[in-house]
Amino acid sequence: MTSTAATGQHGRSYESSQHGVTVVKGFQRLWQETLMCDTQLIVQGQSFNVHRAYLAACSQYFYSMFTKDFQEKSQNQVTNVCFVMFCNLCCCFKVEFSCAFV
């Protein structure tokens, strides 16, 4: 693990090269154990429990959905999620789902 400490204008600061990885792994663990999930995404009829904060941090699409004046901001379920946006999120964590393409 690489970390640095420095004293600057605003006091002492600490930076860890592993912090981002630790945060992502923490969210993955919470998601896998279905802990503290605060909304559901409905993608092609399948439901996924998710964390709004994580989605908003990973995607401008979800950031806007949950922070701007959209109805999803106050709902516990987001229906008809864009499949492409969902697939982009799958790059952030492992998701297993099945689809039937006609």
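The values are calculated or read from the model by the stated rules, or taken from the named source; none is laboratory data. Keep in mind it's a predicted model, so treat the numbers as computed, not measured. Using ideal geometry, Cβ is built from the backbone for each residue, glycine included, and neighbour counts are taken over all protein chains shown.
Residues are listed down the side, and each one gets a yes or a no for (1) surrounded by 11 or more Cβ atoms within 10 Å (Cβ to Cβ); (2) touching a Leu at 6+ places or on another chain (Cβ under 8 Å); (3) under 28 Å from Gly20 (Cβ atoms):
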{"residue": "Gly45", "(1), (2), (3)": "no, no, no"}
{"residue": "Phe48", "(1), (2), (3)": "yes, yes, yes"}
{"residue": "Ala57", "(1), (2), (3)": "yes, no, yes"}
{"residue": "Gln60", "(1), (2), (3)": "no, no, yes"}
{"residue": "Ser64", "(1), (2), (3)": "yes, no, yes"}
{"residue": "Asn76", "(1), (2), (3)": "no, no, no"}
If we keep only residues of region 60-102 that are in contact with a strand residue (DSSP E or B) (Cβ under 8 Å, 6 or more places away or on another chain) and of a type in the set (Val, Ile, Thr), then the residue modelled with the lowest pLDDT is Val95
So which strands (runs of 3 or more DSSP E) are wholly in region 1-54 and hold at least 2 residues that are modelled with pLDDT under 85 and not polar (S, T, N, Q)? 3-8, 11-16
Pairs only if they're at least six apart or on different chains, beta carbon under 6 angstrom, first in region 62-74 and in a helix (DSSP H, G or I), second among the charged types (D, E, K, R); list them, first residue then second. Met65/Glu72; Phe66/Arg52; Phe66/Lys73
